[in-house]
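The values are calculated or read from the model by the stated rules, or taken from the named source; none is laboratory data. Owing to the predicted nature of the structure, the values given are computational and were not obtained by experimental measurement. Neighbour counts are summed over all protein chains in view; Cβ atoms, including those assigned to glycine, are modelled from backbone coordinates with ideal geometry. In case anyone asks, the SASA skips ligands and DNA or RNA and just uses the protein heavy atoms, side chains included. Shrake-Rupley method; radii C 1.70, N 1.55, O 1.52, S 1.80 Å.
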Amino acid sequence: MTMLGVFLGGALGATLRYLLETLFSAGRTFAWGMLAANALGSMALGLVLANVPPGPLQVFLGAGFCGALTTFSSYSVATVEFWREGRCGMAGVHIVVHLALGLAAFSLGVSV
Amino acid sequence: MPRPGGGRAPSALSPVVLGLVALGGGIGAVLRHALTLAVAGHSVAVILVINIVGSGVLGGLSARLARPDAPFWLRPVFGVGLLGGFTTFSSVMADAAAAGPAGGAVQILVQVVTCVPAAALGHGLVARGKPVGEGR
């Protein structure tokens, strides 16, 4: 049952991230959609860990939904793509902005 | 340009593509969660390995996707879904916050200095093995 929850949460999270990327990243010079997904997902995980007791619901929301809404592989690959395009400054900005916003969003989620 | 297998690729927001993303994302999340359970008590290290492997494979996949003969389902199901859902950013933030300023900074730095080169390596291996324009 827990794994079914993780599957459903992961399916929802990945779909929401894809919608954000399709609406706010495609054709733009900065991957705003991915940034929104990582920041929103980090805030949501803070909310979940602070307010939902350990159990199937926390696993569904945390490991499933928040885990799949956020992504590290696309973040790494986008960094490499900026660098390969010669936009090394943007690669640095991309790295730092995700981390700064992600940490701030997680803290915000915990404290709300 | 004709696509492999014929027919037109579905649009970005078609139900088929969204379904492929959801399927891949669900499987990726289950794989990640199963690995964290299998190596219980070492979630920081497990997530690091997951993110390194996922970044490397997606790096290689990005080189494959850059070629015009990439099938339409490849990015939604494997790139966005499976690898996007397998790797995670929110757990990294949670573990870093729990570790305090110094420990958290080290954790994040290790993630970045391992996963980004892994993505570059994956891209380089696939791009070198099958240069753009030379087909399969």
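Here's a check for you: in region B:63-95, which residue that is touching a Lys or Arg at 6+ places or on another chain (Cβ under 9 Å) and polar (S, T, N, Q) is surrounded by the fewest Cβ atoms within 10 Å (Cβ to Cβ)? Step by step, filter region B:63-95, then rank; the result is B:Ser91.
All conditions in (1) closer than 23 Å to B:Ala34 by Cβ; (2) assigned to a helix (DSSP H, G or I); (3) facing another protein chain (nearest Cβ under 7 Å) hold for A:Thr71, with the sole exception of (2). Does B:Val110 fit the bill of being modelled with pLDDT of 95 or more, open to solvent by 50 Å² or more (accessible area, probe 1.4 Å), under 24 Å from A:Ala105 (Cβ atoms) and in a helix (DSSP H, G or I)? Judged against the criteria, B:Val110 is a match. Considering only region A:55-66, I want to know if a residue exists there that is free of Cβ contacts under 8 Å to residues at least 12 places away in the same chain, open to solvent by less than 40 Å² (accessible area, probe 1.4 Å), facing chain B (nearest Cβ under 7 Å) and assigned to a helix (DSSP H, G or I). No: region A:55-66 contains no residue that is free of Cβ contacts under 8 Å to residues at least 12 places away in the same chain, open to solvent by less than 40 Å² (accessible area, probe 1.4 Å), facing chain B (nearest Cβ under 7 Å) and assigned to a helix (DSSP H, G or I). The condition (being more than 19 Å from B:His33 (Cα to Cα), free of Cβ contacts under 8 Å to residues at least 60 places away in the same chain and charged (D, E, K, R)) is satisfied by just one residue among B:Arg64, B:Arg75: B:Arg75. The test for being of a type in the set (Val, Ile, Thr), in contact with a Leu (Cβ under 6 Å, 6 or more places away or on another chain) and within 11 Å of chain B (Cβ to nearest Cβ) holds for A:Val48. Of the residues A:Leu8, A:Leu20, A:Leu40, the single one that is closer than 19 Å to B:Val21 by Cα, without any contact (Cβ under 8 Å) to a residue 24 or more places away in the chain and open to solvent by 10 Å² or more (accessible area, probe 1.4 Å) is A:Leu20.
One residue stands out in region B:48-66 among those that are facing chain A (nearest Cβ under 10 Å) and of a type in the set (Val, Ile, Thr): the one that is nearest to B:Leu109 (Cα to Cα), namely B:Ile52.
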